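Asker: Got a structure for you, questions after.
Where a number appears in this text, it was derived from the coordinates with a stated rule and is not lab data. Keep in mind that what you see is a predicted model, and the values were worked out from it rather than measured. Here Cβ is always computed from backbone atoms with ideal geometry, including for glycine, and neighbour counts include all displayed protein chains.
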Amino acid sequence: MSIMYAVSIEARCRVSGKVEKLNAMVKTMPRNQARVTMLNDTQAFPKEVKMYQTVFPSLIKFQEERGVEEGAIFAPWAKSYASLLSSDGKDDYIALQDLRDEQ
């Protein structure tokens, strides 16, 4: 129901001059008002943002606190880079790691 954009971002470090590239998937609200209303009514976007920004990091922390080594931590989800939850929901988005790079 959402719109997914694949984006590639290149940034140059001001100090070292090194160029780094970040590939991400940006999930946005649909442009169809009926779908926006439905997603807002179910609070789907805020729930998804909470999962990526609160629940998943808590699961990683839980494992770390119990001595699970870094390479053995179970975390099969994309990293969250940024998100926005607007007052009317129309401009909501979440930017996630592009897992296609991991294949």
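Asker: Tell me which lysines have Cα within less than 26 Å of Lys61's Cα, excluding those fewer than 8 residues away on the same chain?
Answerer: List returned: Lys27, Lys47, Lys50, Lys79.
Asker: Just flag the trypsin sites (Lys or Arg not before Pro) in segment 42-84 sitting in loop per DSSP whose Cβ has no more than 16 other Cβ atoms within 10 Å.
Answerer: Arg66, Lys79
Asker: Using a Cα-Cα cut-off of under 17 Å, which aspartates and glutamates could be cross-linked to Lys90, ignoring same-chain neighbours fewer than 8 residues away?
Answerer: Asp41, Glu48
Asker: As a test of the formula, what do you get for the chain when each DSSP H run with n ≥ 4 contributes -39,500 (n - 2.57) and the sum is divided by the residue count, at 222 nm and rounded to the nearest 500 deg cm²/dmol?
Answerer: So the calculated ellipticity at 222 nm is -7500 deg cm²/dmol.
Asker: As an exercise, identify the trypsin sites (Lys or Arg not before Pro) in segment 1-46 lying in DSSP coil whose Cβ has no more than 14 other Cβ atoms within 10 Å.
Answerer: Arg14, Lys18, Arg31
Asker: Which semi-axes, in whole Å and largest first, does the equivalent ellipsoid of the chain have when worked out from the alpha carbon gyration tensor as the square roots of 5 times its eigenvalues?
Answerer: 27, 22, 12
Asker: Now a separate question. As an exercise, identify the chymotrypsin sites (Phe, Trp or Tyr not before Pro) in segment 9-103 lying in DSSP coil whose Cβ has no more than 12 other Cβ atoms within 10 Å.
Answerer: Sparse-neighbourhood loop chymotrypsin sites (Phe, Trp or Tyr not before Pro): Phe74.
Asker: OK, next. Using a cut-off of 15 Å between beta-carbons, work out the net charge of the residues near Glu10 (Lys and Arg +1, Asp and Glu -1, Glu10 not included).
Answerer: +1
Asker: Which of the aspartates and glutamates could a cross-linker bridge to Lys21, judged by Cα under 19 Å and excluding same-chain residues fewer than eight apart?
Answerer: Within the straight-line cut-off, Lys21 pairs with Glu10, Asp98, Asp101, Glu102.
Asker: Before anything else, pin down the relative contact order of the chain: Cα pairs under 8 Å, at least 6 apart, normalised by residue count, whole percent.
Answerer: 29 percent
Asker: Can you check what the net charge comes to around Gly89, using other residues whose Cβ is under 12 Å from the Cβ of Gly89 (Lys, Arg +1; Asp, Glu -1)?
Answerer: So the environment of Gly89 carries a net charge of -2.
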